[in-house]
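Remarks on the structure that follows.
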Amino acid sequence: MLVELIEGLAEFERMRDQCTVTPDLLTDALFSPDAAVFGHVAEEDDGRIAGMALWYLTFSTWDGVHGIHLEDLYVRPACRGRGHGRRLLAALAAVCTRRGYTRLEWEVLNWNADAIRFYESLGAIGRGEWTQNRLTDGALAALAAEGDAR
């Protein structure tokens, strides 16, 4: 079921061709003994899964404590406008406050105006002065080879 949500998110973000998750990979990421990914789901009244929040711990060197990075927040289009996204974010904020974490952070695509307005309505502040970087595929392998050579 979560794989279907992830595929829906990938379609929405116009990146379906890059989505390679499988049920086995997701199960291992969430439930293996060394799982480092956590998830919350939102349900409709009839028990159908309406949305998800997948997250992992970060660490702030400034504060000296963990935070949460929200990797993906997604609510099925047919279930939007019913408070699911807000409840998912509220649950993560509650995890932060209970555990003494100082940050709940995420990225949003700059063309996703609806999400940006929603996040701003919660008091979230965009961090325009930071640029996200990523290594994948060949570039990741090339740099790893340098690390393995030492």
*Once you put a point 7 Å from the Cα of L135 and another 7 Å from the Cα of N110, both along the Cβ direction, what distance in nm separates them?*
2.5
*asked:* Just to be sure I understand: with springs between alpha-carbon atoms less than 10 Å apart, which residue in G138, G123, G47 has the highest mean-square fluctuation in the Gaussian network model of the chain?
replied: G138
*Around L54, with a cut-off of 10 angstrom between Cβ atoms, what is the net charge of the other residues, counting Lys and Arg +1 and Asp and Glu -1?*
-2
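About its Cα centre, how strong a charge dipole does the range 13-150 have in debye, to the nearest 20, once Lys and Arg get +1 and Asp and Glu get -1 at the Cβ?
Numbers: 15 positive and 20 negative charges, 106 e Å.
Approximately 520 debye in magnitude.
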*asked:* 7 Å from Cα along Cα→Cβ at both S121 and D46: what's the point-to-point distance in nm?
replied: 2.5
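Using the eigenvalues of the Cα gyration tensor, what equivalent ellipsoid semi-axes result for the chain when each is taken as the square root of five times the eigenvalue, whole Å, largest first? List each step's numbers first, then the result.
Details: eigenvalues 135, 87, 62 Å².
Listed largest to smallest, the semi-axes of the chain are 26, 21, 18 Å.
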*Please give, to one decimal in nm, the separation of the simple spin-label points placed at D28 and S60, each 7 Å out from Cα toward the Cβ.*
3.4
_Given charges at Cβ of Lys, Arg, Asp, Glu: the chain dipole, positive-most of P23, A50, G100_ = G100
*If r is the Cβ-Cβ distance from R87 to A35 and R0 is 25 Å, what FRET efficiency results, to the nearest 0.05?*
0.60
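Taking neighbour counts of Cβ atoms within 10 Å as a proxy for exposure, in what order, fewest first, do H84, H69 appear? Please report the intermediate quantities before stating the final value.
Numbers: H84 23, H69 15.
Fewest to most other Cβ atoms nearby, the residues stand as H69, H84.
Bear in mind these aren't lab numbers, they're just calculated from the coordinates by the rules spelled out. On a predicted model such as this, the values are computed, not experimentally measured, just so you know. Glycine also receives a Cβ, built like all others from the backbone with ideal geometry; neighbour counts cover every protein chain displayed.
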